[in-house]
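Participant: Dropping the structure in here first, questions after.
No value in this document is a laboratory result; all are computed from the given coordinates. Just so it is clear, the structure is predicted and the values come from calculations on it, not from any experiment. Here the Cβ positions follow ideal geometry from the backbone for every residue, glycine too, while neighbour counts run over all protein chains shown.
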Amino acid sequence: MKDNNQKGGVNPVVAAVAGAVVGAGVAVAGAIILEDKKNQEKVKKVLDNVKKQVKGYVENMEKQVKSKKNEVEENFTEGKGKVERVTKSVKKYLASAVKDVKKAAK
């Protein structure tokens, strides 16, 4: 029978300690790497580049959204105009038909 403190055969306490040790090792390695000014500049350049790319992506998406919004508004306006013309035509036809029916009824 498995111990209740274990999941999938790995003790959670052992996993937590191992994770903490790995995390501390990564933090120490990162700190050592970033002590060097050249490495700091490299990291800064990479982060600046990523920032510029994300900003460009967001600006591009905003332009696309505005473009689609304008397109939808134009299509809506065009469709509304068509509906109004058809409605007007149908009203004229019905008025004429009613007039014809009244004449025939007399």
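Participant: Before rounding to the nearest 500, sum -39500 (n - 2.57) across all DSSP H runs of length at least 4 in the chain and divide by the residue total; then give [θ] at 222 nm in deg cm²/dmol.
Facilitator: Rounded to the nearest 500, the figure is -32500 deg cm²/dmol.
Participant: Roughly how big is the chain's charge dipole about its Cα centre, with Cβ charges of +1 (Lys, Arg) and -1 (Asp, Glu), in debye to the nearest 20?
Facilitator: In debye, rounded to 20, the chain gives about 1240.
Participant: Among Val72, Val54, Val90, whose mean-square fluctuation peaks in a Gaussian network model of the chain (Cα, cutoff 10 Å)?
Facilitator: Evaluated over the chain, the most mobile residue of the options is Val90.
Participant: Taking 7 Å along the Cα-to-C-beta vector as the label spot, tell me the Val58-Val28 distance in nanometres, rounded to one decimal.
Facilitator: Each label point is offset 7 Å from its Cα along the Cβ direction, giving 3.8 nm.
Participant: Report, to the nearest 10°, how far helix 37-105 tilts away from the longest principal axis of the Cα atoms in the chain, using its own Cα long axis and a range of 0 to 90°.
Facilitator: Rounded to the nearest ten degrees, it is 20.
Participant: Return the lysines within reach of Lys92: Cα separation strictly under 24 angstrom, same-chain partners fewer than 8 residues apart disregarded; answer none if there are no such residues.
Facilitator: Lys80, Lys82, Lys102, Lys103, Lys106
Participant: Between Lys88 and Leu47, 0.36 nm times their residue separation minus their Cα-Cα distance comes to what?
Facilitator: 8.6 nm
Participant: Among Asn11, Gln40, Ala104, whose Cα lies farthest out toward the positive end of the dipole of the chain, if unit charges sit on the beta carbon of Lys, Arg (+1) and Asp, Glu (-1)?
Facilitator: Farthest along the dipole direction, towards plus: Ala104.
Participant: Here's another thing I want to ask about it. Report the local net charge at Lys45: Lys and Arg +1, Asp and Glu -1, summed over other residues whose C-beta lies under 11 Å from its C-beta.
Facilitator: The answer is +3.
Participant: Ok, one more. Between Val17 and Asn39, what is the spin-label point distance in nm, taking each point 7 Å from the Cα along the Cα→C-beta axis?
Facilitator: Placing both labels 7 Å beyond Cα along the Cβ direction yields 2.9 nm.
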